[in-house]
Amino acid sequence: MSTFYQEGPVLGNTYESDGFLKSCLTRMLPGEILREIQPHLDHLGHRAANDLLALARQAETHPPVHIPFDAWGRRVDEIETHPSWDLLKRAAAEEGLVATGYERKYGSWSRLYQMTLLHLYHPSSAVFSCPLAMTDGTARAIELYGDESLKENAYANLTSRDPDRFWTSGQWMTERTGGSDVGGTSTIARPDGQGGFRLQGTKWFTSATTSEMAMTLARIEGAPEGSKGLSLFYLELRDPAGRLNQIEVHRLKDKLGTRALPTAELTLHGTPAQLVGGEGHGVRKIASLFNITRVYNAVCAVSSMGRGLTLAKDYARKRRAFGKRLLDHPLHAETLADLETDYRICLSLVLQVARFLGEAETDRQEGRADKLLRILTPITKLFTAKLGVASASEVLESFGGAGYVEDTHLPMLLRDGQVLAIWEGTTNILSLDMLRAISKEDALAPLVEDARRRLGDIDQETLAPQATILERELDRWLEHFQFLAKTGREALESQARTLAMNLGRCYAGILLLEHAQ
Ligand code: MFK
Ligand code: FAD
């Protein structure tokens, strides 16, 4: 009888062990800021491999439960989550996952710091990063469109570091008629006669349904059809006594992944709500929210890639086949090297987007960062999500059969990775959003200029061949785009995904080359 038992992969401090992340931050951040924030990154990297990881595993194995009625038949619609889910929320507040982006202690660098925290937190969070994303996006929407009372109350709670005060927010856009085509929203808002509104309608996907508040879209009675007739609303889920505010929860979704995250179908039966940013143009206003969640989505996709890669590399040092370690087989080593390249390409891209986000919000570049962020957000979201799914699949395969077995916690990487390409805008919808950013915001020229400037700055002695390849790729991309644009809208739309993926790969390649010098 064999006495052999395979050693599994072991996770160490996820900041300390990520040499590429550290070298990117050293390159991008002013030295004094990096010195100041490094202990925090190190601390969170430690937690990600220890207590947070344990909490995330508990939350995954104890998914939320919907309790429609109490013992006496009263409708209560409780959603019970495991205590570990609540502890992940407390940890997020204590570590300033949202607050860091709004305190702006490091000015335009604050977002890069915050997104690095998210990068460390997400893979050990059982996707508590989802409510955090919507919380952050909501804080931004309130900052831009909210009145003083929203800023003093909801905003202060959403950006708090105090776990007893910290609120999370939902983002309720999707109805049964369509999550992409939100213009078909049929939720109606009726004035309540006291300056507020009452909402009536059904929302088909509402994640983080245990949040304290949500931002949603509804049509004020009599407003025109289509998306411009929609308005943006703020609502609180519960009254002061803790009862749901005329919200009926039908059921929780039975999902492929994100199992700890409660995602409900619900109906608003006259739920009190407050108009945000005036009547109409709700989609344009809620875009300030979903453009933030799309950045979160990208950071989380990349951080999961990093987690899978770390585990696969550790395992390849421990597992033996045909007389040597997996790592010593040239083909397995090459497979891991490809995963590493994809991780580095994607990490370079998301860190740069975080940088542009910080610049755009602190407005140091007179609109330049705004345009770069506008076009790079959909590209980065779709590109990292697609590479993330492919990477997770390869990571599972690199463990052989163990990668397919639930108690290794590896299948979760693939199940949770898949959703990142669906929610917050599918790949096609984001490809079309890239076209929208080009046609409406004139955002292509600044991106091409930025790419050419970076190529021009690359060290010609050592990296000239790679720079030339990328320059040609960029030229070819522009030719392709101009040809399609001349051919007509249908041709351009049909190729939008190819265009977005290729531009993402080319720009990210340029960023990676910059890091290589
Ligand atoms: C762990 C990871 C964290 C992530 C957590 C996620 C959890 C939440 C899960 C969710 O999925 S929440 C729901 C997410 N839903 C979406 O993202 C919707 C996807 N569909 C789209 O994005 C459609 O393209 C869109 C709804 C925007 C189409 O709407 P329209 O109204 O048919 O398009 P139109 O007329 O082009 O745009 C209306 C206005 O919005 C225009 O402005 P104007 O009023 O000034 O003309 C657009 O310019 C503006 N707009 C649209 N997209 C924009 C934008 N502005 C800025 N940025 C954008 N991306
Ligand atoms: P559809 O819009 O019907 O799309 C179906 C397919 O058609 C997609 O492949 C899409 O790319 C394609 N398509 C659509 N239009 C076009 C076009 N013009 N050109 C080319 N292709 C097109 N939503 C919320 O509002 N709040 C939440 O909290 C939330 N949580 C979610 C949690 C999970 C786990 C999941 C899976 C979804 C969640 N969603 C949430 C919903 C999510 O945002 C939508 O599922 C998503 O936006 C897609 O909408 P849909 O499902 O209606 O698909």
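The values are calculated or read from the model by the stated rules, or taken from the named source; none is laboratory data. Since the model is a prediction, treat every value here as computed from it, not as a measurement. Neighbour counts are summed over all protein chains in view; Cβ atoms, including those assigned to glycine, are modelled from backbone coordinates with ideal geometry.
Laid out as a table, the results:
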| quantity | calculated |
| --- | --- |
| For W109: the one exception among (1) outside any loop (DSSP other than H, G, I, E, B); (2) out of contact with any helix residue (DSSP H, G or I) (no Cβ under 8 Å at 6 or more places or on another chain) | (2) |
| Residue in region 203-219 that is surrounded by 16 or more Cβ atoms within 10 Å (Cβ to Cβ), within 14 Å of ligand 1 (Cβ to nearest atom) and more than 28 Å from K89 (Cβ to Cβ) present | yes |
| Qualifying residue in region 287-299 (condition: closer than 25 Å to G101 by Cα and away from ligand 1 (no atom under 11 Å from the Cβ)) | no |
| Flag if S125 is among the small types (G, A, S), closer than 28 Å to T377 by Cβ and surrounded by fewer than 24 Cβ atoms within 10 Å (Cβ to Cβ) | no |
| Breaking point among (1) within 15 Å of ligand 1 (Cβ to nearest atom); (2) more than 30 Å from A126 (Cα to Cα); (3) in contact (Cβ under 8 Å) with a residue 60 or more places away in the chain, for S227 | (3) |
| Residue tally, condition crowded, with 21+ Cβ neighbours inside 10 Å and either over 18 Å from the mean Cα position of the chain (by Cα) or more than 27 Å from G417 (Cα to Cα) (or both), over region 246-264 | 3 |
| Count of region 114-128 residues which are assigned to a helix (DSSP H, G or I) and within 11 Å of ligand 1 (Cβ to nearest atom) | 4 |
| Options E473, E406; residue that is surrounded by 16 or more Cβ atoms within 10 Å (Cβ to Cβ) and under 28 Å from L309 (Cβ atoms) | E473 |
| Verdict on R489 being surrounded by fewer than 13 Cβ atoms within 10 Å (Cβ to Cβ), over 13 Å from I375 (Cα atoms) and either in contact (Cβ under 8 Å) with a residue 12 or more places away in the chain or more than 16 Å from ligand 2 (Cβ to nearest atom) (or both) | no |
| Test for G179: is it modelled with pLDDT of 95 or more, within 11 Å of ligand 1 (Cβ to nearest atom) and surrounded by fewer than 19 Cβ atoms within 10 Å (Cβ to Cβ) | yes |
| Meets criteria (basic (K, R) and outside any helix (DSSP H, G or I)) for K285 | no |
| Residues being touching a residue at least 12 places away in the same chain (Cβ under 8 Å) and either within 16 Å of ligand 2 (Cβ to nearest atom) or surrounded by 15 or more Cβ atoms within 10 Å (Cβ to Cβ) (or both) - total across region 430-447 | 12 |
| Only one of R243, R190, R238 that is more than 16 Å from ligand 2 (Cβ to nearest atom) and within 27 Å of the chain's Cα centre (by Cα) | R238 |
| Out of T138, T185, sole residue that is touching a Phe, Trp or Tyr at 6+ places or on another chain (Cβ under 9 Å), of a type in the set (V, I, T), surrounded by 20 or more Cβ atoms within 10 Å (Cβ to Cβ) and at pLDDT 95 or above | T138 |
| Meets criteria (touching a helix residue (DSSP H, G or I) at 6+ places or on another chain (Cβ under 8 Å) and crowded, with 24+ Cβ neighbours inside 10 Å) for T168 | yes |
| Residue list for region 130-145, filter: under 27 Å from E265 (Cα atoms) and either without any contact (Cβ under 8 Å) to a residue 12 or more places away in the chain or more than 16 Å from ligand 2 (Cβ to nearest atom) (or both) | A139, R140, I142 |
| Residue count for region 193-212, restricted to those that are more than 20 Å from the chain's Cα centre (by Cα) and of a type in the set (S, T, Y) | 1 |
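Matching residues to (1) surrounded by 18 or more Cβ atoms within 10 Å (Cβ to Cβ); (2) not in a helix (DSSP H, G or I):
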position	(1), (2)
R355	yes, no
L373	yes, no
T377	yes, no
F383	yes, no
V389	yes, no
E397	no, no
G425	yes, yes
N428	no, no
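Listed here are the residues, each with its yes/no results for (1) over 22 Å from the mean Cα position of the chain (by Cα); (2) part of a helix (DSSP H, G or I); (3) in contact (Cβ under 8 Å) with a residue 40 or more places away in the chain.
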site: L34; (1), (2), (3): yes, yes, no
site: H40; (1), (2), (3): no, yes, yes
site: G45; (1), (2), (3): no, yes, yes
site: W72; (1), (2), (3): yes, no, no
